[in-house]
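One structure is given below, encoded as structure tokens.
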Amino acid sequence: MSHEANALTTDYTLNSNDVATFDAIIIGAGFSGLYQLHTLRDQLNLSAVVFDVAGDVGGTWYWNRYPGARCDSESYYYCYSFSKELQDEWRWTELYPQHDEIRRYLSHVADRFDLRRDIRLNTRVESAIFEEDTDTWLVSTNEGKSYRARFLISAVGVLSSANVPNIAGLDKFAGEWYHTGNWPHHPVDFSGKSVGIIGTGSTGIQAAPVVADQAKHLTVFQRTANYSVPARNRPLSSDDQQWIQDNYDEIRLKARTSTNGHPFDVNQESALEVSDEARQQRYEDAWTKGGLRFRASYRDLLQDKSANDTASEFIREKIRQVVKDPVTAEKLVPKDHPFASKRPPIDTNYFETFNRENVSLIDVKATPIVEITETGIKTTDAEYPLDVIIFATGFDAMTGSLLKIDIRGVGGRTLKETWAQGPRNYLGIQVPHFPNLFTVMGPGSPSVLTNNPVAIEQHVEWIRNCIRDMNDRRLSRIEPDPAAADEWVEEVNRAANKTLLPMASSSWYLGANVPGKPRAFMPYAGGMAYYANLSREIAENDYRGFVTR
Ligand code: N01
């Protein structure tokens, strides 16, 4: 911390009759916001309130209820670790939890820690203005009310702003259409219907087999073929439950000290230093076991293109073996990016789905979508009659939800203008000239490259400790030194460029999926454990790179 003169000793409880005042305002009631409220209110004894536009807690899981929606991290470590009691009392039923089970878990957390009394649902934060004379944020909501707080914490989520592509004619479509990230709460019945799904990312790959089971016909509109590894989901048996409980300490430790927040051992061999037979066997074993662990088969799969080629080729061969029609198989084989340079999906019977009589695949890179008509989707080649269109077209990731709020820092500058060329911040957690604003899982932090609860707990606890230290030192304001932020942006780019991640040119990691969004590699690829240690060391060294007063 470089200290400016005149540390404030003011009483922060500014009393204006029509502005409720808190120590902290938290935006978002998902994994991040719930835990942040618990840390500030119950551990630091501060006053805090959470706003969320949703009708219940749950964050991304409140919105993503599409058919097949389940987590790609294993249930028993896609959850909080901060409370042993919570961990001991909750039992997950499946290896990969379905969306409703995760909602039940988060609802249980909200009840168990009595969080709901400080959560305002159905409330959208519209603006947040930093007022320099008091070093506080003035926050306005869609109800026309204003609130004031010393600290503003964005817990808005990284994949929460649905991206519906601007395809001509959608307004004329006479059927039903849905975006997976904004799925209705009532059941959607596909039986007897012709359904089209646009998008073959993790979401489309989860949804297609489930929709195909019900629909009269499913047409998958694929722009970029994708790699996917079988999830091998299964119910957790009582033996599994016992193993989890017996090994929880080790599982949590491994997750926290890993690169991606997953409790895997990454094989420390290079894919290039073993025999072809040994490599083939390892990939076969990983394929049989299933899940994101496939990525941990060799240490250099994401660093060395030749090493990656071996894994990419293995999956391509699997696709050719599974999909019976060779023309369809070849369309499904990804050729333009290395395996895992985009977030790797895992699936249940995705490629097998294309062997069904009622499923067809349209390559919309070869024959692009021209428009949506009253009755279906028209490509340069043909028109496909549809009753339902599902957009599995992803998100304005990492910055979308935050930039929808009119956030103004010192001198009235907006966050939108400040990030016009891409996100610029320090450690992904604070932005120069936006004092006392913290961004949980912000761009520039490991966030989406991790098993999220690990990254969330690390950020939430860092923010709690920072606020505690500020209170102990009677400081009123913290923000990054602009030079520290510049260096951090360079470090984010340096870390990305040591990997193959930037090779996927259409990836949402780069903002490339949203027209007009600046191209900048957003998550920090230097590794979760390294990042957590660095963040701790910076805090211990008097918040090096931050300016306080
Ligand atoms: O979104 P995506 P997603 N015309 O952006 C295509 C997480 N997640 O919702 O690749 C035609 O990955 C687009 O094509 P292209 C996970 O982190 C987690 O699937 O841009 N197609 C792509 O195929 C994941 O990575 C879980 O050429 C268009 C697809 O739509 C992230 O969410 C489950 C198009 C979008 O893929 C996002 O995944 C699901 C257009 N105009 C997701 N616009 C769990 O762990 C876009 N596309 C539970």
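Each reported figure results from applying straightforward, stated rules to the coordinates on display, with no laboratory input. What you are looking at is a predicted structure, and each value in this text was computed from that prediction instead of being measured. Here Cβ is always computed from backbone atoms with ideal geometry, including for glycine, and neighbour counts include all displayed protein chains.
A few comments on the model shown:
- Think of the range 128-215 as having a plus end and a minus end, set by charges on the Cβ of Lys, Arg, Asp and Glu; of Ser161, Ala208, Pro184, Ala208 sits farthest toward the positive end of this dipole.
- The Cα-based radius of gyration of the chain, divided by its Kirkwood radius, gives an Rg/Rh of 0.97.
- Using a Förster distance of 45 Å, the FRET efficiency for Thr375-Ser238 (Cβ separation, nearest 0.05): 0.30
- Net charge of Cβ neighbours under 12 Å - reference Trp63; Lys, Arg +1; Asp, Glu -1: 0
- Gap separating the Cα centres of the range 107-159 and the range 362-381, nearest whole Å: 42
- Distance-filtered residues of the range 392-424 - backbone nitrogen under 20 Å, label point 7 angstrom along Lys145 Cα→Cβ: 405-406
- Percentage of interatomic Cα-Cα distances in the range 332-441 larger than 24 Å: 54
- Dipole magnitude (debye, nearest 20) for the chain, charges at Cβ of Lys, Arg, Asp, Glu: 520
- Estimated translational D of the range 139-233 in µm²/s (Stokes, Kirkwood radius over Cα pairs; 37 °C; 0.692 mPa s): 195
- Counted charge near Leu44, where neighbours are those whose Cβ lies closer than 10 Å (Asp, Glu -1; Lys, Arg +1): +1
- Shape summary: the range 66-225 maps onto an equivalent ellipsoid whose semi-axes, from the alpha-carbon gyration tensor, are 35, 26, 14 Å in decreasing order.
- Computed from the C-beta positions of Asp285 and Asp18 and an R0 of 56 Å, the FRET efficiency is 0.30 to the nearest 0.05.
- Largest to smallest principal axis extent of the C-alpha atoms in the range 83-130, angstrom: 43, 22, 19
- Per-selection metrics, the range 152-298 (Cα): Rg and Dmax in Å: 20.6, 58
- Exceeding the 23 Å Cα-Cα cut-off - candidates Lys216/Lys289; Lys305/Lys498; Lys318/Lys342; Lys193/Lys378; Lys365/Lys416; Lys254/Lys289: Lys216/Lys289; Lys365/Lys416
- Relative protection proxy for 262-269, 63-70, from highest mean packing down: 63-70, 262-269 (other beta-carbon atoms within 10 angstrom).
- Mean residue ellipticity at 222 nm, helices only, the chain: -9000 deg cm²/dmol; runs of at least 4 DSSP H residues each add -39,500 (n - 2.57), and the sum is divided by the number of residues.
- Summed side-chain charge close to Gln242 - residues other than Gln242 whose Cβ falls under 13 Å, Lys, Arg +1, Asp, Glu -1: -3
- Estimated D of the range 465-516 in µm² per second, where Rh is the Kirkwood radius over Cα pairs and Stokes-Einstein applies at 37 °C, 0.692 mPa s: 232
- Relative to the current alpha-carbon distance between Ser306 and Asp336, full extension at 0.36 nm per residue lengthens the span by 9.3 nm.
- The orientation-averaged projection of the convex hull spanning the C-alpha atoms of the range 46-130 amounts to 7.2 square nanometres.
- Mean projected area of the convex hull spanned by the Cα atoms of the range 376-492, taken over all viewing directions: 11.2 nm².
- Shape parameters for the range 306-383, alpha-carbon atoms, Rg then Dmax in Å: 14.8, 48
- Coarse-grained scattering of the range 430-549 at q = 0.13, 0.18, 0.20 Å⁻¹, given as base-10 log I(q)/I(0) from a Debye sum over alpha-carbon atoms: -0.54, -0.99, -1.18
- Placing one equal scatterer on every Cα of the range 485-549 and applying the Debye formula, the log10 ratio I(q)/I(0) at q = 0.14, 0.16, 0.21 Å⁻¹ is -0.52, -0.64, -0.90.
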